[in-house]
Every structure is written in C-alpha cells, then in structure tokens.
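To start, the structure itself, in structure tokens.
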C-alpha cells in the first residue's frame, strides 16, 4: 500500500505504533507482521512500512482478527455475584452491576443479562454496535453454564434437553449437555445454549423436573470466565475483543 493511501490529519499515527499500543507486540514485531502481509487496514492488505492511520477510526486486522485501537472504547468482563441485579443502577437500592464499575466516565452497556440468582460472566462495553450484535438473536452467540442439580441424573436428561422442551413462550433446546460430576444427591452439569430468553436455563430444567440449585455462566462466545474471582472486573484481552468482532462479523 502506498503513501497516498495514508489516513492523514492531526490524529494520524504510524501503523506499527498504533499496533504496539494495542498490545500486538513491540514496534519491531509489528513491522515484521506488516512485512509478512499479515496486517489489513480498512479491508486492504498493507505491506509497506510508514503508513499513518487514525487510531480512532481505522479498522486494523492482524491475521484476520480486528484489534482495538480506539482509546475511547472499553471492553470489560465481570464475574457477577449471586444476589446482584443485572442493571447499571437500581431505584430500589439493590446491589447491581453498576456498583462494580462505579466512577467510570464511559456510558457502558452490559451484554448477556443474568437473573439475580445466577452468577458468572457478564460483558460490559461502550461499543454500542458490538453490544447490539452480541445480544441479537441472529448471531446466535453460544453461552456455557455450569448448573448444580439433584442427583442421580436421569440417563435421558441430556437427550430431552437437546431435543427441546416446551415452555410458555415457545420451545427451547440446549446445544450440548454433559455430566461433570455426581455425588450423593448433587450433580454438576455443563451445558451450552445460544438463546437468551429470560431465565431460559432455569425454566428448561424445571420443565424436566430437575430445578437448578446453582447456576454459573462460564463462557460467552470466545470469552471464558477462567480463574477470575467473584466480583472482579477485568479488561478483555485484545485477542478476546478481536474474536468477539469476528463472531459478529465486525
């Protein structure tokens, strides 16, 4: 790509500097990626050094994954505790997810509402387009949960849940189901589902006479909860953000 393709203006910065600031690697490592033809800017492959871009507007991809270059965009993961309302403010004064991001200046959106009793992964961002796509049914973002239910687990439980159960607002089905452990009268099962209807997992298990005693969301799309402690907020890695963009075609 030649110099005349540069994004000129007071905010334009050398491409390798923008990439390094986004956490891709050192400036020298970023120059190597450019030399190897592994970098795209606004849909066009870059092979020459020295290009300047506006980090607030440029769409930069490395190996096909978009990197976050805008300093105004925020991407966070919260491990929501039980008893916390999925709202950024609560008129009744109940504990809510706004308590965990208090004092931030950005207008954040939460992605992937959880009911009060359910724990686990919630995403927060001020990237409105990404938030919209991640919650839109057409993108079918897969979510993984760990659920504690009564044991023993009926042999056909997984099949029934994957085949689909009828709920008052229409049929629902799991994408996958497996028993992780079963001891005495308690069992832990892992399940994935791409639907986002209110209390959908709990209602499905109630419909098959195995009410959920504890529910934790452990993954949304490519983002995993991992060892993140309850109540802790962390910034998503650049790779996680890139994989979320790719998931929803951004």
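The values are calculated or read from the model by the stated rules, or taken from the named source; none is laboratory data. Bear in mind the structure is a predicted one, so any value in this text is a computation, not a measurement. Glycine also receives a Cβ, built like all others from the backbone with ideal geometry; neighbour counts cover every protein chain displayed.
A few points about this structure:
- Within the option set 110, 75, being within 18 Å of residue 18 (Cβ to Cβ) and either touching a strand residue (DSSP E or B) at 6+ places or on another chain (Cβ under 8 Å) or modelled with pLDDT of 90 or more (or both) holds for one residue only, 75.
- Considering the conditions (1) exposed (fewer than 13 other Cβ atoms within 10 Å of the Cβ); (2) within 20 Å of residue 236 (Cα to Cα); (3) at pLDDT 90 or above, residue 103 is excluded by exactly one of them, (3).
- Among the residues of this structure, residue 243 does not count as one that is closer than 19 Å to residue 173 by Cα and assigned to a helix (DSSP H, G or I).
- Filtered by the rule that a residue be closer than 23 Å to residue 199 by Cα, under 13 Å from the mean Cα position of the chain (by Cα) and assigned to a loop (DSSP other than H, G, I, E, B), the stretch 104-135 gives 112, 113.
- Residue selected from the stretch 8-33 under the condition part of a loop (DSSP other than H, G, I, E, B) and on the phi < 0 side of the Ramachandran plot, by the criterion modelled with the lowest pLDDT: 8
- Candidate set: the stretch 231-247, residues that are in contact with a helix residue (DSSP H, G or I) (Cβ under 8 Å, 6 or more places away or on another chain) and surrounded by fewer than 18 Cβ atoms within 10 Å (Cβ to Cβ); chosen: the one nearest to residue 75 (Cα to Cα): 233
- Being more than 23 Å from the chain's Cα centre (by Cα) and either under 22 Å from residue 128 (Cβ atoms) or not assigned by TED's automatic domain parsing to the domain that holds residue 24 (or both) is a property that holds for residue 207.
- Here the condition is being touching a strand residue (DSSP E or B) at 6+ places or on another chain (Cβ under 6 Å), assigned to a loop (DSSP other than H, G, I, E, B), surrounded by 14 or more Cβ atoms within 10 Å (Cβ to Cβ) and not assigned by TED's automatic domain parsing to the domain that holds residue 194; of 82, 40, it holds for 82 alone.
- Wholly enclosed strands (runs of 3 or more DSSP E) of the stretch 156-230 bearing at least 1 residues touching a residue at least 60 places away in the same chain (Cβ under 8 Å) and in contact with a helix residue (DSSP H, G or I) (Cβ under 8 Å, 6 or more places away or on another chain): 214-220
- Selection count where residues are at pLDDT 95 or above and within 19 Å of the chain's Cα centre (by Cα), scope the stretch 194-204: 1
- For residue 129, the conditions (1) in contact (Cβ under 8 Å) with a residue 40 or more places away in the chain; (2) out of contact with any helix residue (DSSP H, G or I) (no Cβ under 9 Å at 6 or more places or on another chain); (3) exposed (fewer than 13 other Cβ atoms within 10 Å of the Cβ); (4) not assigned by TED's automatic domain parsing to the domain that holds residue 80 are fulfilled apart from (4).
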